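Engineer: One structure is given below, represented as structure tokens, and several questions about it will come after.
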Amino acid sequence: MGGGVAAFSAASELRARGYDGALTLLSPEGAPYDRPPLSKGYLLGTEDAAKIALAAEGWYAEHEVEVVAERAVALRPAEAAVELGDGTLLRADRVLLATGARPRPLAIPGGEAAYTLRDRADADALRGILVPEARVVVVGAGLIGTEVASAAVSFGAQVTLVDPVDPPLVPAVGEALARRLHAMHAEHGVRSIASVPLGISASGDGSHVVRLADGSALEADAIVAGIGIVPASRLAAEAGIEVDDGVLVDASGATTNPAVFAAGDVSRLRKPDGILARRAEHWEAAVRSGQAAAASMLGQAPPETGAPWFWSDRYGVHVEAVGTLDGRAGGSTVLREVDGVPQAAFLLADDGHLLGAAAVDLPLLIRAARRIMDRGLTPDRAALADPAVPARRLLP
Amino acid sequence: MSEGIDVGSPDEIEAGTARVVEPEDSGFVDPIAVFHTESGCFFALNDTCTHEEASLAEGWIEGDTVECPLHSSSFNLRTGKVLCLPATEDARTHKVAVEDGRVVLYPGVAADPARAAD
């Protein structure tokens, strides 16, 4: 169940692992497509719907995957079935919940006026409002909010970005890079305000006024909220499956019902020690969890997953990070700088192991860092910091 | 299109790196990346990732694969096969051989996937 990269990866992996039984993809929007471009190339208009499809049209027939563009209304694991809106019961010995998430609504008076971005239709709607001279207020300076602000300003909109955290993204990329990235808003003409919206009221002319906690008010032709996601876990909860801000799964994607698995944004990992992990909300985590669930649905061991990785594109720069740069739990940071400008940041544990790395426009450094982490190596701090050391040389 | 192009001597392309042959030099419509693997083999693929605008020559070359520097799709250097998302299309291969001590690229001629290592 689902039409994103978790569902697609699971279907693909099931076939790759030799499963030759019936395989149905319940994907309300039809053939699965890739979501990262919705806040990047697709939003900017450099990629169209065909370009972001996760597979060529013929792939589904070739791999005998039936795409059913419908939404399930109930899980019936006791009957080995899923119920569709018209009452049809779809037989299923194993069900994968990869229903993703919905954007977190802006829970303030008038907040329903805010646009959000999750689906292709949302991106299409944004294309209509991010126009020259439009006064756009973006609430939330995380990855989505930042990418939308970047796209909006490239269309000639007057953009104000509102987020209480200054700078955002510190746990993901470290303080130095977070500051550099946050400063890019001002460099590109996006006004950044460290506050939170308290309410939105409509003006007579179709525009809105956004009142902020700092006492100021912003006039807006359009408001976009990028303040996180809420997992689409209702059907699991209704079926008696354990849910806590996501469908709880183990590393193999198994839920508390043996016939039901979960992957992607809807899922939340319960570690072997019982501690609930933060939901992984990134693309690669969705791919890997879909693949892991596919393996375990077949009774096979899921593949090893390495350190988590994400990327973001804004203002023409490419940001990547692997692992964590959150130093609150310990470790020390090594910066790679050129002329005082941070290019990359590394977080090292006290024993010298690499906990995470982030970089702007230095993707090979991140590829090196991933391998260092996955192989449990202890990199040389001076080499990490030295811009003259190529990424390849960080590995033995 | 079967005319070979001299790309240089094998040691001019450092192992683990790649050199891009531009259309004006190859006569082929797309830039071609000529890869020199750590094990000493030469392979050639269309340089632009099949997913988005990124140069595979600037990717991470390891074993017989290259990982795109933008979104980490990997391609098999021998066959051009895409090995993981987000790319969904295989990369086009070109024949490359070491002849008389020179790396010779045959733009537009598909590589023989079964060929032995150089």
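Engineer: Only one of (1) open to solvent by 20 Å² or more (accessible area, probe 1.4 Å); (2) touching a residue at least 40 places away in the same chain (Cβ under 8 Å); (3) out of contact with any helix residue (DSSP H, G or I) (no Cβ under 8 Å at 6 or more places or on another chain) fails for residue A:49. Which number is that?
Structural biologist: (3)
Engineer: Now for a separate question. Scan A:259, A:307 and give me the residue that is among the small types (Gly, Ala, Ser), under 21 Å from residue A:82 (Cβ atoms) and touching a residue at least 24 places away in the same chain (Cβ under 8 Å). Can you show your working first?
Structural biologist: Values: A:307 fails: under 21 Å from residue A:82 (Cβ atoms).
Residue meeting the stated conditions: A:259.
Engineer: What are the residues in the stretch A:381-395 that are without any contact (Cβ under 8 Å) to a residue 12 or more places away in the chain and more than 21 Å from residue A:339 (Cβ to Cβ), if any?
Structural biologist: A:393
Engineer: Restricting to the stretch A:254-272, what's the tally of residues that are open to solvent by less than 10 Å² (accessible area, probe 1.4 Å) and either touching an Asp or Glu at 6+ places or on another chain (Cβ under 8 Å) or within 28 Å of residue A:39 (Cα to Cα) (or both)?
Structural biologist: 4
Engineer: Tell me the residue from A:178, A:152 that is touching a helix residue (DSSP H, G or I) at 6+ places or on another chain (Cβ under 9 Å), open to solvent by less than 10 Å² (accessible area, probe 1.4 Å) and touching a residue at least 12 places away in the same chain (Cβ under 8 Å), please. Break it down into steps so the answer makes sense when it comes.
Structural biologist: Working: A:178 fails: touching a residue at least 12 places away in the same chain (Cβ under 8 Å).
None of the others qualify; the one that does is A:152.
Engineer: Name the strands (runs of 3 or more DSSP E) wholly within the stretch B:10-118 that hold at least 3 residues that are farther than 30 Å from residue A:289 by Cα and at pLDDT 95 or above? Steps first, please.
Structural biologist: Numbers: elements: B:17-21, B:32-36, B:42-46, B:60-62, B:65-67, B:74-76, B:93-99, B:102-106.
Strands (runs of 3 or more DSSP E) meeting the threshold: B:17-21, B:32-36, B:42-46, B:93-99, B:102-106.
Engineer: Could you look through the stretch A:317-343, keep only residues that are surrounded by fewer than 18 Cβ atoms within 10 Å (Cβ to Cβ) and acidic (Asp, Glu), and pick out the one that is farthest from residue A:143 (Cα to Cα)?
Structural biologist: A:339
Engineer: What is the one condition in (1) in contact (Cβ under 8 Å) with a residue 24 or more places away in the chain; (2) surrounded by fewer than 20 Cβ atoms within 10 Å (Cβ to Cβ) that residue A:235 does not satisfy?
Structural biologist: (2) is the only condition that residue A:235 fails.
Engineer: Determine which single condition residue B:98 fails, assuming it passes every other condition in (1) farther than 30 Å from residue A:49 by Cβ; (2) more than 14 Å from chain A (Cβ to nearest Cβ); (3) in contact with a Leu (Cβ under 9 Å, 6 or more places away or on another chain).
Structural biologist: Condition not satisfied by residue B:98: (3).
Engineer: Grab the helices (runs of 4 or more DSSP H) fully contained in the stretch A:1-115, keeping just those with 3 or more residues being assigned by TED's automatic domain parsing to the domain that holds residue A:239 and of a type in the set (A, V, I, L, M, F, W, C).
Structural biologist: Counting at least 3 such residues, we get A:5-16.
Engineer: Could you go through the stretch A:24-34 and let me know if any residue there is within 11 Å of another protein chain (Cβ to nearest Cβ), crowded, with 17+ Cβ neighbours inside 10 Å, in contact with a Pro (Cβ under 9 Å, 6 or more places away or on another chain) and within 19 Å of residue B:50 (Cβ to Cβ).
Structural biologist: Yes, some residue in the stretch A:24-34 is within 11 Å of another protein chain (Cβ to nearest Cβ), crowded, with 17+ Cβ neighbours inside 10 Å, in contact with a Pro (Cβ under 9 Å, 6 or more places away or on another chain) and within 19 Å of residue B:50 (Cβ to Cβ).
Engineer: Would you say residue A:60 is hydroxyl-bearing (Ser, Thr, Tyr) and open to solvent by less than 50 Å² (accessible area, probe 1.4 Å)?
Structural biologist: Taking the combined requirement at face value, the residue satisfies it.
Engineer: Now a separate question. Within the stretch A:217-226, does at least one residue satisfy the condition of being open to solvent by less than 40 Å² (accessible area, probe 1.4 Å) and within 14 Å of the chain's Cα centre (by Cα)?
Structural biologist: yes
Engineer: Considering every residue within the stretch A:209-224, establish whether at least one is over 30 Å from residue A:347 (Cβ atoms) and polar (S, T, N, Q).
Structural biologist: Of the stretch A:209-224, the ones over 30 Å from residue A:347 (Cβ atoms) are A:209-224.
When the remaining residues are screened for being polar (S, T, N, Q), the result is A:216.
Yes: one or more hits.
Engineer: With the structure loaded, tell me whether residue A:360 is more than 14 Å from chain B (Cβ to nearest Cβ) and either open to solvent by less than 40 Å² (accessible area, probe 1.4 Å) or among the aliphatic types (A, V, I, L, M) (or both) or whether it fails that test.
Structural biologist: Considered against the rule, which asks whether it is more than 14 Å from chain B (Cβ to nearest Cβ) and either open to solvent by less than 40 Å² (accessible area, probe 1.4 Å) or among the aliphatic types (A, V, I, L, M) (or both), residue A:360 comes out as no.
Engineer: A further question follows. Can you tell which of A:186, A:134 is modelled with pLDDT of 95 or more, of a type in the set (Gly, Ala, Ser), closer than 23 Å to residue A:316 by Cβ and open to solvent by 40 Å² or more (accessible area, probe 1.4 Å)?
Structural biologist: One residue alone meets the criteria, A:186.
Engineer: Tell me the residue from A:293, A:280 that is under 13 Å from the mean Cα position of the chain (by Cα), away from every other protein chain (no Cβ under 14 Å), buried (at least 17 other Cβ atoms within 10 Å of the Cβ) and not charged (D, E, K, R), please.
Structural biologist: Result: A:280 is the single residue among A:293, A:280 that is under 13 Å from the mean Cα position of the chain (by Cα), away from every other protein chain (no Cβ under 14 Å), buried (at least 17 other Cβ atoms within 10 Å of the Cβ) and not charged (D, E, K, R).
Engineer: Checking residue A:393 against (1) exposed (fewer than 14 other Cβ atoms within 10 Å of the Cβ); (2) modelled with pLDDT of 95 or more, only one condition comes out false. Which one?
Structural biologist: (2)
Engineer: Still on this structure, I have one more. Among the residues of the stretch B:38-81, count how many are touching a residue at least 60 places away in the same chain (Cβ under 8 Å) and within 11 Å of the chain's Cα centre (by Cα).
Structural biologist: Looking only at that region, the number is 4.
Engineer: Answer with yes or no whether residue A:243 is open to solvent by less than 20 Å² (accessible area, probe 1.4 Å) and not assigned by TED's automatic domain parsing to the domain that holds residue A:325.
Structural biologist: When the stated conditions are applied, residue A:243 does not pass them.
Engineer: May I pose another question? Tell me yes or no: at least one residue of the stretch B:40-47 is within 11 Å of chain A (Cβ to nearest Cβ) and within 30 Å of residue A:38 (Cβ to Cβ).
Structural biologist: So far as the stretch B:40-47 goes, no, none of its residues is within 11 Å of chain A (Cβ to nearest Cβ) and within 30 Å of residue A:38 (Cβ to Cβ).
Engineer: Have a look at B:84, B:68 and point out the one that is closer than 30 Å to residue A:4 by Cα, open to solvent by 30 Å² or more (accessible area, probe 1.4 Å) and within 11 Å of another protein chain (Cβ to nearest Cβ).
Structural biologist: When all the criteria are applied, what remains is B:84.
Engineer: May I ask you to list the residues in the stretch A:35-54 that are of a type in the set (Ser, Thr, Tyr) and more than 10 Å from chain B (Cβ to nearest Cβ)?
Structural biologist: Across the stretch A:35-54, the qualifying residues are A:39, A:42.
Engineer: Would you confirm whether any residue within the stretch A:193-202 is under 22 Å from residue A:308 (Cβ atoms) and in contact with a Pro (Cβ under 6 Å, 6 or more places away or on another chain)?
Structural biologist: The initial filter retains those residues of the stretch A:193-202 that are under 22 Å from residue A:308 (Cβ atoms), namely none.
No, every residue in the stretch A:193-202 fails to be under 22 Å from residue A:308 (Cβ atoms) and in contact with a Pro (Cβ under 6 Å, 6 or more places away or on another chain).
The values are calculated or read from the model by the stated rules, or taken from the named source; none is laboratory data. Note that the structure is predicted; figures quoted are calculated from it, not measured. In this analysis, Cβ positions are derived from the backbone assuming ideal geometry, glycine residues included, and neighbour counts consider all displayed protein chains. Note: areas computed on protein heavy atoms with side chains; ligands, DNA, RNA excluded. Shrake-Rupley method; radii C 1.70, N 1.55, O 1.52, S 1.80 Å.
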